[in-house]
Ligand SMILES: *Cc1c(COP(=O)(O)O)cnc(C)c1O
C-alpha cells in the first residue's frame, strides 16, 4: 500500500442551488486508501510518524462503526504491523466497518466505555513488557498530527482557488472530535484568510464541542510558536445533532437521496448526509445568499452501505 498522498482530492460543482448560492464539494471520500475519508488523510501522517519512531505495533480505540479503526487496521495489515483496538462493548453490533476490521486481523479488546482509557494503558504496558514498541493513536486520529492533515487539505483548497479563480466564502463540513475543523481553522489563520469555517456537529454539544476544537487549534498554534486564539473564532454548530451520535430523520435520508441522484455522490446518515442537511438548514436560517460554498466530503462510504435499506424504504 502506497502511503504517499501528494495529489489533491478533486473539488467539483454540485447541482444544489439553495438561495442562489453555488455549492462545491471537496471529495476527501476519494482519497486512494481504504475507502478514503478524513481518517485516511489523518492516518497517512500518523503512520509516517510511527515509522519515524520505529514503532512495531499500533494501539487505538473506537466503536464497531468507526471509520478511523477501519483505516488504521487496513494500513497496519498492509504494512505487516499488528493493530490493537480497544472498543466499547456498548456498540457491538456488526457493521461494514467492524466486518472489515475483523478481515484485517486487528486484535480487538472490548470493555465498558468507562474503562477504555484504563484498558489502553494496560494494553500499552502489556506490549512494552513483551519488548514491543507500541504507537498510540487517539480515537478519530485526534492530535496535532491529525490537525496538520487538514492544514494540508486547506492548502489544497488554496491551490484550487488560485488555479480556478473561484474564492469560497464558506467552508462547511461535519465536525466530530473537531480535528478536521481545527486543521481548517489553523489553515485559515496561518494564511491570514478571513473566510468562515463552519463545523456542523454530528453529536457533540457546546460548550464542550467547540472547546475541544479550540484546544486543538491552540495546541497546534503553540507548537508553531504562534499566538493562541479565543473561542469566538470557532463556529461549532450543534443545532442539527438531533438525538446525538447516529440519529437521523427523513429529511437527512431525503438529502442523501438527492445528492446521490443529482450528483452521483454517496453520503451517510451519521456524518456527511447529516451535516449536508444541517448546512442547508443553517443557510436558510441565516439568510446566506449568492455565496460560493465549499462542503468537505469527509468520507464514511461504508456507512452509506449500512443504511442502504433505509434509503430504499418508502416513507
Ligand atoms: C470522523 C468523521 C468525521 C468527524 O471528523 P473529526 O475530525 O473527528 O471532527 C466526519 N466525517 C466522517 C465520515 C468521519 O468518519
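Things to note:
- Any hit, segment 227-235, residues being modelled with pLDDT of 95 or more, closer than 22 Å to residue 271 by Cβ and within 13 Å of the ligand (Cβ to nearest atom): yes
- Identity of the residue in segment 184-208, assigned to a helix (DSSP H, G or I) and either touching a residue at least 60 places away in the same chain (Cβ under 8 Å) or within 15 Å of the chain's Cα centre (by Cα) (or both), that ends up farthest from the ligand (Cβ to nearest atom): 185
- Verdict on residue 211 being within 14 Å of the ligand (Cβ to nearest atom), at negative phi, surrounded by fewer than 24 Cβ atoms within 10 Å (Cβ to Cβ) and assigned to a helix (DSSP H, G or I): yes
- Any hit, segment 243-255, residues being within 16 Å of the ligand (Cβ to nearest atom), touching a helix residue (DSSP H, G or I) at 6+ places or on another chain (Cβ under 9 Å), more than 18 Å from residue 203 (Cβ to Cβ) and part of a helix (DSSP H, G or I): no
- Pick from segment 126-160, criterion touching a residue at least 12 places away in the same chain (Cβ under 8 Å) and part of a loop (DSSP other than H, G, I, E, B), ranking: farthest from residue 39 (Cα to Cα): 132
- Scanning segment 277-315 for residues that are free of Cβ contacts under 8 Å to residues at least 60 places away in the same chain and assigned to a helix (DSSP H, G or I) gives 277, 281, 285, 304, 308, 309, 310, 311, 312.
- When the residues of segment 35-50 are filtered to those that are away from the ligand (no atom under 12 Å from the Cβ) and in contact with a helix residue (DSSP H, G or I) (Cβ under 8 Å, 6 or more places away or on another chain), the one that is farthest from residue 272 (Cα to Cα) is 49.
- Scanning segment 51-90 for residues that are part of a helix (DSSP H, G or I), within 16 Å of the ligand (Cβ to nearest atom) and either without any contact (Cβ under 8 Å) to a residue 40 or more places away in the chain or out of contact with any strand residue (DSSP E or B) (no Cβ under 8 Å at 6 or more places or on another chain) (or both) yields 67, 69, 70, 71, 73, 74, 75.
- Residue 259 modelled with pLDDT of 95 or more, within 16 Å of the ligand (Cβ to nearest atom) and in contact with a helix residue (DSSP H, G or I) (Cβ under 6 Å, 6 or more places away or on another chain): no
- Screening the candidates 136, 168 for the property of being surrounded by fewer than 20 Cβ atoms within 10 Å (Cβ to Cβ), more than 16 Å from the ligand (Cβ to nearest atom) and at negative phi yields one hit, 136.
The values are calculated or read from the model by the stated rules, or taken from the named source; none is laboratory data. Just so it is clear, the model here is predicted, and its values are computed rather than measured. All Cβ positions, even for glycine, are placed from backbone atoms using ideal geometry, and neighbour counts span all protein chains on display.
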